[in-house]
Amino acid sequence: MSRIFSGIQPTNNLHLGNYLGAVKNWVNLQKDNECFFCVVDLHAITVYQDPKVLRQNILAAAKTYLALGVDPKKAKIFVQSDVKEHTELAWILNTVAKISELERMTQFKDKSIQHKSNINVGLFDYPVLMAADILLYDTNLVPVGEDQKQHVELTRVLAKQFNHLYGETFVAPESLVNKFGARIMGLDDPTKKMSKSAASANNYVALLDDPKVAAKKIMRAVTDSGSEIKSGSGKPALTNLLTIYSLLSGETVKDLEKKYIGSGYGAFKKDLSEVVEEFLKDFQKKYNNISDAEVLKVLNTGANHMRGLAEKKMKVVKNKIGLLV
Ligand code: AQP
């Protein structure tokens, strides 16, 4: 049994990429591991969020975890800002992290281009807070999409640097990246990952999109030149659509390729749009049955449990660096 930590930012409605690259994996992992799944709201504010919308998005993210199958009897679900030790440890790790290491982070570079008018210190420091989230709980494994692998690598570096300076304190975690579906690409641009904060809503299928609207997004998705339904190099759009189809339907990409020999893109996309529509209808039925009171209770229980672990760990950390405890 491993200890597992992962989180998603409540920056907008979660999308198919968040599900297929992250939460789907969590649902499997919770069976045999000690799992902590967090709504990382303090990460979200590194890009300006409307306060009223953020509040709704935090609850929506937690409800989404539940509706996708994360089971509070098996895993702890909580909100990052409910456990103040995350930021406390982030400050301490800041004194170990090197600016030159943070400057190499791809997400920081990408987001600095995307949010030119607000390249704030938090955006730069994001990976250190993420390291704190992970190290605070002696996490062994961090299930993430391909895009977050670099941050987990940095977490390992920080754990080792701290241990070297102050003695064995932190577990150096490993990232757990799905072989398949780790990087779901944008529907409007299959060379970039599907992202909640993409400029166009046609980039993603949000899990709370009207199922009919989502079906239309699939029909409008960019395709590759030619007409063959095939994945592989030179076919980034079809590779992405086949990946989504396979992960949602359980059919392998090979079987899907066979099934659509001789069919055009239109027929393939029509079927995929129906698969997506059905998936969203089923998900939203579950989502709409979860009340605010129910999710708040789950978050409260989760936060209480996590606070206990976090307080204990912070005592150890403070003691190691010579603070009074
Ligand atoms: N397109 C994706 N394919 C596979 N996995 C993905 N993840 C995100 N996008 C994809 C995985 O989902 C988890 C949570 O990610 P996040 O929301 O905390 O941050 P992010 O990676 O920055 O996701 P977005 O959608 O791009 O959010 P914004 O636009 O707000 O920055 C992670 O495990 C991530 O790998």
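The values are calculated or read from the model by the stated rules, or taken from the named source; none is laboratory data. Not measured: the values here are computed from a predicted model. We place every Cβ from the backbone using ideal geometry, glycine too, and count neighbours over all the protein chains shown. Just the protein is used for accessible areas: all its heavy atoms, side chains included, with ligands, DNA and RNA removed. Shrake-Rupley method; radii C 1.70, N 1.55, O 1.52, S 1.80 Å.
Residue count for segment 106-149 satisfying the condition of being touching a strand residue (DSSP E or B) at 6+ places or on another chain (Cβ under 8 Å) and of a type in the set (K, R): 1.
Candidates are the residues of segment 1-16 that are part of a loop (DSSP other than H, G, I, E, B) and more than 7 Å from the ligand (Cβ to nearest atom); the one that is modelled with the lowest pLDDT is N13. For segment 169-184, filtered to residues that are of a type outside the set (A, V, I, L, M, F, W, C) and more than 10 Å from the ligand (Cβ to nearest atom), the residue that is modelled with the lowest pLDDT is K179. The one condition from (1) charged (D, E, K, R); (2) exposed (fewer than 14 other Cβ atoms within 10 Å of the Cβ); (3) within 11 Å of the ligand (Cβ to nearest atom) that K212 does not meet is (3). All of (1) over 30 Å from D271 (Cα atoms); (2) more than 12 Å from the ligand (Cβ to nearest atom) hold for L129 with one exception: (2). Taking the criterion of being closer than 26 Å to G308 by Cα, open to solvent by 50 Å² or more (accessible area, probe 1.4 Å) and part of a helix (DSSP H, G or I), would at least one residue in segment 61-74 satisfy it? No, segment 61-74 has no match at all. Scoring Y265 on the criteria (1) in contact (Cβ under 8 Å) with a residue 60 or more places away in the chain; (2) open to solvent by less than 40 Å² (accessible area, probe 1.4 Å) leaves a single failure, condition (1).
Determine whether Q107 is within 30 Å of L241 (Cβ to Cβ) and either more than 16 Å from the ligand (Cβ to nearest atom) or at pLDDT 95 or above (or both). Here the answer is no, as Q107 does not meet what is asked.
Restricting segment 170-216 to residues that are among the polar types (S, T, N, Q) and in a loop (DSSP other than H, G, I, E, B) leaves a set whose member that is farthest from Q49 (Cα to Cα) is N178.
Out of everything in segment 17-41 that is within 11 Å of the ligand (Cβ to nearest atom) and closer than 20 Å to V83 by Cα, what residue ends up being farthest from the chain's Cα centre (by Cα)? Lay out the reasoning, then the answer.
Pass one, segment 17-41, residues within 11 Å of the ligand (Cβ to nearest atom): 17-26, 37-41.
Add one more test, that the residue is closer than 20 Å to V83 by Cα, and what stays is 37-41.
Values: F37: 10, C38: 10, V39: 9, V40: 9, D41: 12 Å.
Ranking the qualifying residues of segment 17-41, first place goes to D41.
With the requirement that a residue be within 16 Å of the ligand (Cβ to nearest atom) and either in a helix (DSSP H, G or I) or acidic (D, E) (or both), what does segment 135-168 give you?
Applying the first criterion (within 16 Å of the ligand (Cβ to nearest atom)) to segment 135-168 yields 139, 141-155.
Result: E146, D147, Q148, K149, Q150, H151, V152, E153, L154, T155.
Considering the conditions (1) open to solvent by 20 Å² or more (accessible area, probe 1.4 Å); (2) within 12 Å of the ligand (Cβ to nearest atom), A44 is excluded by exactly one of them, (1).
Before we move on, is K24 under 30 Å from H115 (Cα atoms) and modelled with pLDDT under 95? Yes.
Checking each residue in segment 47-75 for being over 25 Å from N118 (Cα atoms) and either among the hydrophobic types (A, V, I, L, M, F, W, C) or within 13 Å of the ligand (Cβ to nearest atom) (or both) picks out L59, A60, A62, T64, Y65, L66, A67, L68, V70, A75. The residues listed here are V298, V316; of these, the one that is open to solvent by less than 40 Å² (accessible area, probe 1.4 Å) and in contact (Cβ under 8 Å) with a residue 12 or more places away in the chain is V298. Could you check, for segment 160-177, whether at least one of its residues is closer than 21 Å to L238 by Cβ, surrounded by fewer than 19 Cβ atoms within 10 Å (Cβ to Cβ) and touching a residue at least 12 places away in the same chain (Cβ under 8 Å)? So far as segment 160-177 goes, no, none of its residues is closer than 21 Å to L238 by Cβ, surrounded by fewer than 19 Cβ atoms within 10 Å (Cβ to Cβ) and touching a residue at least 12 places away in the same chain (Cβ under 8 Å).
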